[in-house]
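*Asks:* Here it is, the structure, as structure tokens.
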Amino acid sequence: MSAWIGQFFASYSNIIDLCLLNSLIAYGLFLALSANMFSLATGGFMALGAYCSVYCTMELGWPFAPAVIAGSLLSALGAALIGAPVLRLRGDYFMLATFAFTEVVRVIALNWDSVTGGAIGIVSIPRYTETWHLALAVVVILYVTYTLRRSYFGRAIAAIKQDDVVAQSMGVNVFAHRLSLFIASGFICGAAGALAAHLNYFIGPSDFGLLRSVDALIYPILGGVNSLVGPVVGAIFTTILPEALRFSNQLREILMGALVVAIVLYLPGGAMSVLNLRRRRTGARGVELAAQPGSAKT
Amino acid sequence: MSTFLQQLVNGISLGSTYAVFAMGCTLIFGVLNIVNMAQGAFFMGGAYFGLEAARLGLPAPLVLVVALIGGGLLGVVSELVIFRTLRARGGHRWMGLVASLALARMMVGLAQEVFGTQVQRYPASGVLEISWEIGGVRIQLLQVVILVVSLMLMALLAFVLQRSRTGRAIRTVAFSEDVARIVGVPVGRTILITFFLAGALAGASGMLLGNLFNVVSPFMGEQMLVKGLTVIILGGLGNVPGAVAGGFVLGLIEVFSVAYVSSSFRDAIGFGLIFFILLVKPNGLFSGFVERRA
């Protein structure tokens with residue numbers, strides 16, 4: 001039995017690592033989405049975390065842990081710098097500003113050859129990230145999110161999600177709450193970028209573009225933005241699906257797209273709303289609030 | 001001086017295709033308050049529809065019509081399959097974004113399947129390759145034609161939006177769906193028409209840009225989507241005249257930054273400008289004198 005488990009890990013360890021990494025990113029986005037911040041900054045944050053930590057380990061010779069923390073902090077700083085002016089804008093402008101941020105970071109990475117290696121990227125990065133690092137990070141973030149949702153802060157965030165004007169009038173400092181969540185999101189995405197860089201031997205500017213950001217958004221949205229385990233479900237699903245469809249390399253994109261469309265159409269509240277469907281049928285109310293179209297307007 | 005004029009000519013013809021594409025994006029945003037991520041795929045689809053039509057030997061105006069209608073039909077499909085269903089089921093508005101992105105990927109996959117991943121080119125047509133030298137500036141007939149076609153599409157859209165019954169319906173829905181329903185506007189049909197118009201504009205710009213650079217590939221839509229988003233921020237979300245101006249501004253910025261700064265920072269200047277605009281004038285560069293939306 002233990003031999004079988006060993007073999008299982010040996011042959012699927014890449015996918016397991018990837019699932020954990022994507023779950024981590026999904027929670028970074030989950031935090032932002034829980035206050036209606038539709039952030040496309042993930043690619044930029046991950047790039048900051050990745051390049052900074054790689055610079056620390058390869059050029060400065062730092063140990064792994066301080067390098068990851070440095071990358072995360074730089075990325076959190078980036079979040080503070082773009083969040084402070086932009087979070088005062090209306091929701092859609094926030095999305096577009098974060099999109100611009102990601103592209104600016106990508107273009108800088110493409111041109112700052114001495115640090116980022118330009119278009120070629122950085123190769124032969126030492127592999128420091130172990131599976132348990134990623135697992136630990138996911139467990140910690142899961143625990144923090146769980147406690148946060150039950151605290152005063154979490155209830156304030158829930159109020160902001162329902163209606164930020166009402167929340168403001170009840171004395172919640174909407175701007176400060178949003179900004180601190182966005183900084184936390186930046187920190188997590190930066191950490192994920194740093195861990196990803198030391199997992200893959202290679203980073204390049206094309207790893208961190210708009211597609212990366214949108215992929216990251218798909219995890220929690222597909223899994224369900226109202227459920228604590230939704231991000232994990234979404235991340236694992238979207239990571240394993242391409243592997244499961246590997247038999248047809250050509251049709252993979254088409255099948256993948258069709259599946260995502262089907263899920264979105266039949267479970268508009270996310271995959272985790274399967275549970276709510278059952279609950280609604282047995283008569284529990286309140287869960288429908290989450291899926292109402294108007295409730296997301298900011 | 002002749003470099004300056006040459007870049008001005010290039011920038012205007014490039015910017016006109018951006019403007020046509022961005023008008024579609026901003027139209028959807030103005031009416032439905034969503035970003036349709038599949039718009040880039042319609043752009044790519046239009047380029048391929050045009051390519052197939054051109055290979056059949058159709059005359060150039062008909063090629064444009066094929067690209068317009070093809071792109072428009074793709075837009076209609078996206079509304080019928082995704083957005084309408086989501087509205088009916090009360091889906092979160094972020095779901096539309098995820099689903100339209102998935103649709104875009106499906107279409108890119110499909111294009112790879114049907115046309116292959118290789119870059120393809122429009123068949124050479126002798127007439128459009130004529131070019132003139134005026135005072136050291138080389139002007140291609142193709143550039144002039146693209147500019148004229150773009151201006152005609154802009155004028156056509158302006159006419160539809162401002163003067164026709166459909167345009168009034170679209171503007172009413174953009175103002176408020178509920179109000180539109182109260183005054184008897186067929187909301188579902190109006191939204192369908194909006195998607196057709198936006199898809200047609202994306203398809204036409206795909207065909208135009210495909211001709212300008214003479215490159216058609218399944219992946220051309222992604223980059224264009226980024227440019228479209230940039231332009232609608234420059235012009236103000238949902239602001240059609242703003243999108244036209246923003247398209248020309250972006251085209252000129254790109255061309256001039258390649259000529260005078262460095263080709264590698266072409267995109268950085270555009271995005272840096274976005275940041276600046278969002279901070280200083282979040283309603284777009286042209287919010288001061290254009291109040292009307294979509």
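*Asks:* Starting from the Cα-Cα distance between A:Gln162 and A:Ala244, subtract it from 0.36 nm times their residue separation and give me the gain in nm to one decimal. Intermediate values should be presented prior to the final figure.
*Replies:* Details: separation 82, 0.36 × 82 = 29.52 nm, distance 3.75 nm.
Stretched fully, the A:Gln162-A:Ala244 segment lengthens by 25.8 nm.
*Asks:* Show me you know the interface measure: the accessible area buried between B and A, both chains summed, probe 1.4 Å, in Å² to the nearest 100.
*Replies:* Numbers: alone 14310 and 15410 Å², together 25330 Å².
Buried surface at the B/A interface: approximately 4400 Å².
*Asks:* Before anything else, pin down the relative contact order of segment A:1-102: Cα pairs under 8 Å, at least 6 apart, normalised by residue count, whole percent.
*Replies:* 32
*Asks:* May I pose another question? Could you order B:Thr117, B:Thr172, B:Thr230 so the one with the most accessible surface comes first? Probe is 1.4 Å.
*Replies:* Listed by decreasing accessible area, they come as B:Thr117, B:Thr172, B:Thr230.
*Asks:* Can you give the charge dipole size of segment B:142-281 about its Cα centre, rounded to the nearest 20 debye, using +1 on the beta carbon of Lys and Arg and -1 on the beta carbon of Asp and Glu? Display every interim value, and only then the final one.
*Replies:* Working: 9 positive and 5 negative charges, 99 e Å.
In total the dipole reaches around 480 debye.
*Asks:* Now a separate question. Over segment B:128-201, what is the relative contact order in whole percent, taking alpha-carbon pairs under 8 Å and six or more residues apart?
*Replies:* Relative CO of segment B:128-201 lands at 16 percent.
*Asks:* So, in nm, how far is label B:Lys281 from label B:Arg89 when the simple model puts each one 7 Å beyond its Cα toward the Cβ?
*Replies:* A separation of 4.2 nm, rounded to one decimal place.
*Asks:* What is the sum of charges, Lys and Arg at +1 and Asp and Glu at -1, for the other residues whose Cβ falls under 14 Å from the Cβ of A:Val54?
*Replies:* Numbers: positive: A:Arg127; negative: A:Glu59, A:Asp207.
Cβ neighbours under 14 Å give a net charge of -1.
*Asks:* Right, something else. What distance in nm separates the simple spin-label points at A:Arg88 and B:Asn214, each placed 7 Å from Cα in the Cβ direction?
*Replies:* Label-label distance for A:Arg88 and B:Asn214, simple model: 5.2 nm.
*Asks:* Still on this model: Specify whether the C-alpha gyration tensor of segment B:112-183 places it in the rounded, prolate or oblate class, a ≥ b ≥ c being the square roots of the eigenvalues: rounded for a/c under 1.5, otherwise prolate if a/b is larger than b/c and oblate if not.
*Replies:* On the way: a/c = 4.37, a/b = 1.81, b/c = 2.41.
Note, shape of segment B:112-183 comes out oblate.
*Asks:* Separate question: Along the positive direction of the dipole of chain A (beta-carbon charges: Lys, Arg +1; Asp, Glu -1; about the Cα centre), which of A:Leu217, A:Thr57, A:Ala76 reaches farthest?
*Replies:* With unit charges placed on the Cβ atoms, the residue in question is A:Leu217.
*Asks:* Which one of B:Ala198, B:Gly45, A:Tyr12 is farthest out on the positive end of the charge dipole of the protein assembly as shown, using unit charges on Cβ (Lys, Arg +1; Asp, Glu -1) and the Cα centre as origin?
*Replies:* Going by the charge dipole, the pick is B:Ala198.
*Asks:* If you count, for every residue in A:95-102, the Cβ atoms of partner chains within 10 Å of its Cβ, what is the mean?
*Replies:* Partner-chain Cβ atoms within 10 Å, mean over residues of A:95-102: 6.
*Asks:* For segment A:59-133, with only Lys/Arg (+1) and Asp/Glu (-1) charged at the beta-carbon, what is the dipole magnitude about the Cα centre, in debye rounded to 20?
*Replies:* Once rounded to the nearest 20, the dipole reads 200 debye.
*Asks:* Okay, moving on. Which parts of segment B:217-236 would a label at A:Leu211 reach, counting a residue when its backbone N lies under 20 Å from a point 7 Å out along Cα-to-Cβ?
*Replies:* Output list for this probe position: B:217-230.
*Asks:* So with the 1.4 Å probe, I'd like the accessible area per residue for the protein assembly as shown, rounded to whole Å².
*Replies:* Accessible surface, normalised per residue, equals 43 Å².
*Asks:* Sum -39500 (n - 2.57) across every DSSP H segment of at least 4 residues in chain A, then divide by the residue count to get the 222 nm mean residue ellipticity, nearest 500.
*Replies:* After summing the helix terms and dividing by the residues of chain A, the value is -23500 deg cm²/dmol.
*Asks:* Among B:Gly11, B:Gly30, B:Ile277, which residue has its Cα furthest toward the positive end of the charge dipole of chain B, with +1 on Lys/Arg Cβ and -1 on Asp/Glu Cβ?
*Replies:* With unit charges placed on the Cβ atoms, the residue in question is B:Gly30.
*Asks:* Could you tell me how many cubic angstrom of Cα convex hull volume the protein assembly as shown has per residue?
*Replies:* 173
*Asks:* Hey, another quick one. For chain B, give the percent of accessible area contributed by carbon and sulfur heavy atoms, probe 1.4 Å, rounded to a whole number. All intermediate terms of the calculation are to be shown ahead of the outcome.
*Replies:* Values: 8070 of 12120 Å².
Solvent-exposed carbon and sulfur of chain B make up 67 percent of the total.
*Asks:* Once you sort the root eigenvalues of the Cα gyration tensor of chain A as a ≥ b ≥ c, which label holds: rounded (a/c under 1.5), prolate (a/b larger than b/c) or oblate (the other case)?
*Replies:* oblate
*Asks:* Length gain on complete extension for the stretch B:Ala158 to B:Leu62, per 0.36 nm per residue less the alpha carbon to alpha carbon distance? Each step should come with its number before you reach the end.
*Replies:* Details: separation 96, 0.36 × 96 = 34.56 nm, distance 2.21 nm.
Contour length minus the Cα-Cα distance gives 32.4 nm.
*Asks:* Then there's this: Please tell me the relative contact order of segment B:1-151 in percent, rounded to the nearest whole number, where contacts are Cα pairs under 8 Å and at least six residues apart. Write out the running numbers ahead of the final one.
*Replies:* On the way: 117 pairs, mean separation 50.5, N = 151.
Across segment B:1-151, relative contact order equals 33 percent.
*Asks:* Can I ask one more? Please report, in debye to the nearest 20, how large the charge dipole of the protein assembly as shown is about its Cα centre when each Lys and Arg carries +1 at its beta carbon and each Asp and Glu carries -1 there.
*Replies:* 1880
*Asks:* Quick one: if the Förster radius is 41 Å, what FRET efficiency do B:Val81 and A:Tyr12 give, using the C-beta to C-beta distance and rounding to 0.05? All intermediate terms of the calculation are to be shown ahead of the outcome.
*Replies:* Numbers: r = 35 Å, r/R0 = 0.85.
Efficiency at R0 = 41 Å is approximately 0.75.
*Asks:* With a 1.4 Å probe and every protein chain kept in, tell me what percent of the accessible surface of segment A:130-232 is carbon plus sulfur.
*Replies:* That fraction is 68 percent.
*Asks:* Looking at chain B, which longest stretch skips every one of the trypsin sites (Lys or Arg not before Pro) that is in a DSSP loop with at most 15 other Cβ atoms within 10 Å, leaving the sites themselves out?
*Replies:* In chain B, the maximal stretch lacking such sites is B:122-291.
The values are calculated or read from the model by the stated rules, or taken from the named source; none is laboratory data. In this text, all values refer to a predicted model and were calculated from it rather than measured experimentally. Please note: Cβ atoms are built from the backbone with ideal geometry, for glycine as well, and neighbour counts cover all protein chains shown. For accessibility, only protein heavy atoms count, side chains too; no ligands or nucleic acids. Shrake-Rupley method; radii C 1.70, N 1.55, O 1.52, S 1.80 Å.
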